[in-house]
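This report refers to the structure that appears directly beneath it.
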Amino acid sequence: MEELNQDIFNLLDEQPTPARGSLLVAKPTVQDYMFGRTVIMVVDHDSENGTMGLIVNKLSGVLLHDVLPDAASLGIDIPLYVGGPVHTDMLFILHTLGEQLIPDSLQVARGLYFGGDYDAMKAYIADGGSVEGRVKFILGYSGWEGGQLENEIERHDWAVLKRMETGQVMLAEEDALWREAVAQFGDKYRLWQNWPRDVHQN
């Protein structure tokens, strides 16, 4: 069984070094509640100091105004995503709006920005700015100590995707985004797509 598992699910290509803007795609056999079928946007990576990333396809089931009552004044229901198990009391923003519209935001990939002035974001939404496909509010983040992520990649927990279209990252959710990310690797990874979430229910 171990040999079969290696033949099917071990990574078939040498993985690029993670970098800001690349994505970590969980191997289908990762059963961890937090990380199963996740896609993580790398916000910062340093082989010595560690890595910070945000899960971008895991809905929390709660809305922004559930945790920030002042957001109720915006008049729309904004879903919250789970970014990871670290500092789940901290709110992060991933968006396509740019530094001019949202000051102090950091470009992490082509057309994709991290953080920025929260009041400016509220003003944008209050003025009728679109959230869907343009803004994700995310609770918590995923973090690795220096060398830890490299070890997890070596044991085939993650495949590294250099980039993905911003529209896919911002619009697709849950399993759909994971499947779109896996598809970027080509036909060699088709078996990943067919592996059931819960093998016991197959």
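Each value in this text was obtained by applying a stated rule to the coordinates, not by laboratory testing. What you are looking at is a predicted structure, and each value in this text was computed from that prediction instead of being measured. Cβ coordinates were reconstructed from backbone atoms using ideal geometry, including for glycine residues, and neighbour counts include every protein chain displayed.
DSSP beta bridges confined to region 2-194 are antiparallel in about 90 percent of cases. Judged by the mean number of other Cβ atoms found within 10 Å, the most tightly packed of the peptides 103-110, 79-86 leads the ranking 79-86, 103-110.
Ordering of 129-137, 143-151 by packing is 129-137, 143-151, highest average first (other Cβ atoms within 10 Å, averaged per residue).
Computed over neighbours whose Cβ is under 12 Å from that of HIS65, the net charge equals -2, Lys and Arg +1, Asp and Glu -1. Computed from point charges on the beta carbon alone (+1 for Lys and Arg, -1 for Asp and Glu), the dipole magnitude for region 30-175 about its Cα centre is near 380 Debye. Once the chain from MET34 to ARG155 is taken as fully extended at 0.36 nm per residue, the excess over their C-alpha distance is 41.7 nm. The stretch between VAL62 and SER130 holds 22.6 nm of extra length on full extension. This uses 0.36 nm per residue minus the Cα-Cα distance. For the chain, what number results from the quotient of the Cα radius of gyration and 2.2 N^0.38 Å? Taking the Cα Rg and dividing by 2.2 N^0.38 Å, one obtains 1.05.
Can you give the net charge of the other residues whose Cβ lies under 13 Å from the Cβ of LEU112, counting K and R as +1 and D and E as -1? Net charge in that neighbourhood comes out at +3.
Subtracting the Cα-Cα distance of ASN49 and TRP195 from their residue separation scaled by 0.36 nm leaves 49.1 nm.
Within region 29-45, list the residues whose amide N lies under 19 Å from a label point set 7 Å along Cα→Cβ of ARG163. Residues 40-45 qualify, since their backbone N sits under 19 Å from the label point.
When you restrict to C-alpha pairs under 8 Å that are six or more residues apart and normalise by the size of the chain, the relative contact order lands at 28 percent. With respect to the chain, whose longest principal axis is taken over its alpha-carbon atoms, helix 174-183 is tilted by about 50°.
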